[in-house]
DNA sequence: GATGAATGAGCGTTCATTCAT
DNA sequence: AATGAATGAACGCTCATTCAT
């Protein structure tokens, strides 16, 4: 049972998170000021410091739930039995791209190795762990598609190439003015094609090598 | 014959360029302050304005010589008659990646569309023009390899995918601590493989579509 | 009912306005720095931006209330039916001089044509508009005293001479250490005499010309 | 007999003075930078410090010769026997206005009471002495025109009014963009009229008072 | 005598953050 | 719980001035 205060506090915190999420997504972490977030959330800028350590902390607290949600979406896709392995990889990739283009501040978080500051040991790890899990899921799906052993060097190479391609798509549009919907409309099929191209290329390369040997 | 003055000036200017190059590469143009560059270069922040118009001008003077050199290397590769089209594309890509990983501040410059302020027309354009020329060269080579018409929509799609892949490689390691030599040693063959994979994938996709029709 | 917060804020704002008024009057708008104003007001320079848009905005907020008050005083004088035209001109002049010597920062504002930047249309114009209205009132009164047509070139000449005389009085003492009361005591009759002298001179010149023709 | 060095030095100094005079007159003391003066004078900006203590010192050294020249012109006018007293006052005024509008930096020097810094006692005095002499000349001429005793309070009042009028003219156009020639063309007759108006007004006021008594 | 190199102080402004209530 | 008031640090940039040659 909650008191009124608690409820009110919870609401305020939620409003701040929503505002920050919206603004970070739209203009990027650096460009958004604390005061803008407060205005959007309908509270004073000092209130933000009641719930979050600082601006960076707000970003962190904002990221984890989103990442967890993506994680659950990954799990859902992977557990759908009626999907083929290739379809699963396609689904994961599409979801991953969608996620990054919707919440663009995630780009930095997902793709940039954080310095791992010594002073505050814990919280970064949560993000790193989840991020690694996400990439591992995609790589596992890729492995399945290509029918490669886990320690096959070719899998490592192909995984990296796949990673580069994802990085390229997300990074290219991370700072774009276009909304996700606009990008999806204009480039969605290109993103899909990329998966096709890569899978076809991987397979061709495997065949050729096998044929060669 | 140089006077001591000239030598000192040249050294200072060089120190500033080196410092700026290093810091821009490490943290990005926007994040680096004039004072940080000065500190790294071992001079006062006002000294920078002795040699460069302003921060943008410093970026420009830092970029153009390098870009022009890359441009000439592209021309050399393209004019070598004994190379096949695929080998030329491979060469251009390798050279491009090498360039970006050697001078990492170039990443932002090459891949970020700059506003191109209307009020002072000239200097920004140099960079944009050269950059566009570089990408156009690679896309022309790709077009040749795939034997596509210039206005074939599939060429546009494949060009974008190729661009994403390049962006991914360069962006991934733009802020890495590893030197180019280390990266080349560890990942050079992966970069080469990516070109193979993409070309194979593109061709497969073309065949399948043709076969389908 | 006011909270302590409101009172504190009002005091700070007032302190800033007073400091700015004093310093602008003493050294001119351009020469005074934001930090000097803050020091004089006993606050941090950033606090100024809490209450005023920027330095120009501070000048504006400082000037407009005073100008509006003077405008109303002009209207009062002009609407007093029992005053002759000459007495009205005398009253306007006396009030104008009094105003300028009481709020000396007004001198720059009233007598210096400001660029009126094109990009941000509004605030500058308020000042210009009010200033023009004030001078127009005085010139209309002068016109009435001299019984000249509005487009008579001699009116233009006399108006300019009248303007120069006002400028001279106000400018001479704008940076003086003497208070308005002291100046009024010592020079009030001189100021009044100037109006007499000018009106007499204007009339004499008109008569002579008419006589000549 | 001078050495070459001395001649060269003299030339350089002269070039600096000319450049500074031209630029100060055109844009005002504050707006002109040391480097601009050096560029105009065709020397390095450091050379200026060889001949002048600092920027303020340059202004001072620039002012004295000009003031002395004006002083001599005053003497010439006053010694011309064929001129009436009124014509002499008119001549002095015209010359004074011309001088101030040609060398606008003089405005501040002539009309602003200098703080009289304690640290460097002498040089300011030169300027003050000359300035006082100039005004004294004009007031003496005015006294002659009005046939008043030197200690007549009315002379003091009229002198002040005359001073205000001159201040107004010069101050109004001290920061204008128009050249002296343009102003002379457009407003020369207005300036002349002002002398007429004031003299006529002064006389009328004297007569009326005499008549009244 | 003359100069290019270099600098500290300062400009208006913005920002994340803290203090007192 | 929440807020308005206030601030120090920093930004890119300019300037008069000094140093070493």
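Nothing in this text is a laboratory measurement; each read-out follows from the coordinates by a stated rule. Given the structure is predicted, the values throughout are model-derived calculations rather than measurements. All Cβ positions, even for glycine, are placed from backbone atoms using ideal geometry, and neighbour counts span all protein chains on display.
Panel values: segment C:1-98, Kirkwood radius from alpha carbon pairs, Stokes-Einstein at 25 °C and 0.890 mPa s, translational diffusion coefficient 158 µm²/s. For residue B:84, the label point sits 7 Å beyond Cα toward Cβ; its separations from the matching points on the remaining copies run 3.0, 10.9, 11.0 nm, from shortest to longest.
Relative to the longest principal axis of the Cα atoms of chain D, the long axis of helix D:180-212 makes an angle of roughly 30 degrees.
Remark: B:82, C:203 ranked as B:82, C:203, counting other beta-carbon atoms within 10 Å and listing the fewest first. With angles folded into 0 to 90 degrees, how steeply does helix C:85-102 sit against the dominant principal axis of chain C? Use alpha carbons for both and round to 10. Rounded to the nearest ten degrees, it is 30. Here the ratio of the Cα radius of gyration of segment B:63-212 to 2.2 N^0.38 Å is 1.10. Summarising the label geometry, the points placed 7 Å from Cα in the beta-carbon direction at residue D:75 and residue C:182 lie 3.7 nm from one another.
Compactness ratio for segment C:1-52: Cα radius of gyration over 2.2 N^0.38 Å (N = residue count) comes to 1.17. If I build a Gaussian network model for chain C, linking alpha-carbon pairs within less than 10 angstrom, which residue out of C:196, C:152, C:54 has the largest mean-square fluctuation? Per the Cα network of chain C with a 10 Å cutoff, C:152 tops the list. Principal axis analysis of the Cα atoms in the protein assembly as shown yields extents of 130, 88, 55 Å, listed in decreasing size. Based on Cα contacts under 8 Å between residues 6+ apart, chain C shows a relative contact order of 23 percent. Label-point distances for residue D:153 to the equivalent site in the other copies, using a point 7 angstrom along Cα→C-beta, read 4.2, 9.9, 11.1 nm when ranked shortest first.
Structure remark: mean-square fluctuation, Gaussian network model of chain B, C-alpha springs under 10 Å; the largest value among B:160, B:90, B:131 belongs to B:160. Take the Cα of residue D:11, step 7 Å toward its Cβ, do the same at residue C:18, and the gap between the two points is 6.1 nm. Taking every residue in D:188-196 and counting other chain Cβ atoms within 10 Å of its Cβ, the average works out to 4. Placing a label point 7 Å from the Cα of residue B:136 along the Cα-to-Cβ direction, none of the residues of segment A:172-200 has a backbone N under 11 Å of that point. Shortest first, residue D:176 label-point distances to identical copies amount to 2.6, 5.9, 7.0 nm, with the label point at 7 Å from Cα along Cα→Cβ.
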